[in-house]
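Shown next, in structure tokens, is the structure this report addresses.
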Ligand SMILES: [Fe+2]
Ligand SMILES: [Fe+2]
């Protein structure tokens, strides 16, 4: 499907080929321009794309595509935010943001979601449905009153730019992964699109309104997030790094690059948080989308620093957060498939608690130490990686505080002092980690193992790229809390 025909010429300068004006009032109009209802449809479709990208996102094995899908989740949430802000400016204010839309749209998005394969879903999401929306936006931009409704025109132009970037990503992806859309799937979507008037105007709400995409279907995100076999970890490097963590600034630098890279695992999991919380207020979805994008960016920050040193994922491996040893040989490792069990409200509460109150809050002291030590040692790139992460993490902890009471109420958790429990959990984790470190350091170091040799080789590569001038003088530091 072609998304390229309409242009972004300003309606104020191009008066020759513009479609007929879309009048916003007629004899039956009340005080709301017609575009308000159309914006509700657009919002529903953008939210559906957001949820579908999250639902299918765990199927991407390649690093660059995982990173792109997580950025798309954020971009989609930004498209929704823009539409919601404009919707609230019209008569009806916040009520417009949650207005019901036609169930025909639910049929459409479910049709796209229920693709026969991941590759078909990519076509359905990024090409067919996004393409139809793209044309719908441009058609409005070209027919709207360029002065009276300039704010809507401006926001649609912003959204169109987002779609153009996604289309460029799709073009690159399809060059790497050629695929012809399943003909029956494509025809079925086209049929429903036609039934929705090809999104050329707001659809009347008849009978029950649309529910979120996926509700009432059997679609589930994949149990395992896909990873290429070439990125399977070959050694238990974490044990080697942890043994030196407190007394070697070089070991800590390697840890932070590797540890940040692994945060893509958290982003992959948060795709399911999004898929399974469609009943939460939109503002929560917006916050989780940013959190997810940030964790994916932290993954990419760590990996980009490893790449600076010349260390690829194929060399160092991209383990899951699960125990490392079984991953070295697990036959199912990296294969998308299986069904991710639905996150109950209590699961989501516990996950936001565990990440925000324990992991993120608990790591601030060692991260600040890492920032100061890398800066003192003259490795400003690694220091910068730490600094931006600390800034992001501060906002993540704030949003956890904002939403934990809401998530607790949703989960039916009786009033608990989550701050106090967080403090206790952090203490317990640090004690467990310190005991683990003591046991590790008490075992004889096997300098003849392949894992040890690889660890030493990686340290040497990083050292060769950027010496840390304080390796010999940096005092002992805290052990990481988990
Ligand atoms: Fe992070
Ligand atoms: Fe975080």
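The values are calculated or read from the model by the stated rules, or taken from the named source; none is laboratory data. In this text the structure is predicted, and so the values were computed from the model without any measurement. Positions of Cβ are backbone-derived with ideal geometry, glycine not excepted, and every protein chain shown enters the neighbour counts.
So here's what we get for this one:
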| quantity | calculated |
| --- | --- |
| Close pairs (8 angstrom Cβ cut-off, 6 or more residues apart or separate chains): in the same structural domain as residue 273 (by TED's automatic domain parsing) and touching a residue at least 12 places away in the same chain (Cβ under 8 Å) in segment 288-303, near ligand 1 (Cβ under 9 Å from one of its atoms) and outside any helix (DSSP H, G or I) anywhere | 295/263; 296/263; 298/263; 299/263; 302/263 |
| Meets criteria (more than 16 Å from ligand 1 (Cβ to nearest atom), outside the structural domain of residue 461 (by TED's automatic domain parsing) and more than 18 Å from residue 363 (Cβ to Cβ)) for residue 225 | yes |
| Condition broken by residue 383, with the remaining ones in (1) more than 16 Å from ligand 1 (Cβ to nearest atom); (2) surrounded by 15 or more Cβ atoms within 10 Å (Cβ to Cβ); (3) in contact (Cβ under 8 Å) with a residue 60 or more places away in the chain; (4) assigned to a helix (DSSP H, G or I) satisfied | (3) |
| Residues that are surrounded by fewer than 21 Cβ atoms within 10 Å (Cβ to Cβ) and either within 15 Å of ligand 1 (Cβ to nearest atom) or assigned to a helix (DSSP H, G or I) (or both), drawn from segment 367-380 | 367, 368, 369, 371, 372, 375, 376, 380 |
| Residue within segment 311-334 that is touching a strand residue (DSSP E or B) at 6+ places or on another chain (Cβ under 8 Å) and at positive phi present | yes |
| Elements of type helices (runs of 4 or more DSSP H) in segment 271-329, at least 1 residues being within 16 Å of ligand 2 (Cβ to nearest atom) | 282-309 |
| Tabulated pairs, segment 262-278, first in contact (Cβ under 8 Å) with a residue 24 or more places away in the chain and at positive phi, second in a helix (DSSP H, G or I) and surrounded by fewer than 24 Cβ atoms within 10 Å (Cβ to Cβ), C-beta under 9 angstrom, 6+ apart or interchain | none |
| Some residue of segment 424-439 being under 30 Å from the mean Cα position of the chain (by Cα) and within 15 Å of ligand 1 (Cβ to nearest atom) | no |
| Residue within segment 460-481 that is surrounded by 13 or more Cβ atoms within 10 Å (Cβ to Cβ), touching a residue at least 60 places away in the same chain (Cβ under 8 Å), within 27 Å of the chain's Cα centre (by Cα) and outside any helix (DSSP H, G or I) present | yes |
| Subset of segment 329-340 (residues that are loosely packed, with under 15 Cβ neighbours inside 10 Å and touching a residue at least 24 places away in the same chain (Cβ under 8 Å)) | 332, 337, 338, 339 |
| Test for residue 156: is it touching a helix residue (DSSP H, G or I) at 6+ places or on another chain (Cβ under 8 Å), without any contact (Cβ under 8 Å) to a residue 40 or more places away in the chain and surrounded by 18 or more Cβ atoms within 10 Å (Cβ to Cβ) | yes |
| Matching entry among 344, 361 (being closer than 24 Å to residue 294 by Cβ and in contact (Cβ under 8 Å) with a residue 60 or more places away in the chain) | 361 |
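So that you can scan it fast, the table gives a plain yes or no per residue for (1) assigned to a helix (DSSP H, G or I); (2) on the phi > 0 side of the Ramachandran plot; (3) under 23 Å from the mean Cα position of the chain (by Cα):
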{"position": "178", "(1), (2), (3)": "no, no, no"}
{"position": "185", "(1), (2), (3)": "yes, no, no"}
{"position": "189", "(1), (2), (3)": "yes, no, no"}
{"position": "198", "(1), (2), (3)": "yes, yes, no"}
{"position": "201", "(1), (2), (3)": "no, no, no"}
{"position": "207", "(1), (2), (3)": "no, yes, no"}
{"position": "212", "(1), (2), (3)": "no, no, yes"}
{"position": "218", "(1), (2), (3)": "no, no, yes"}
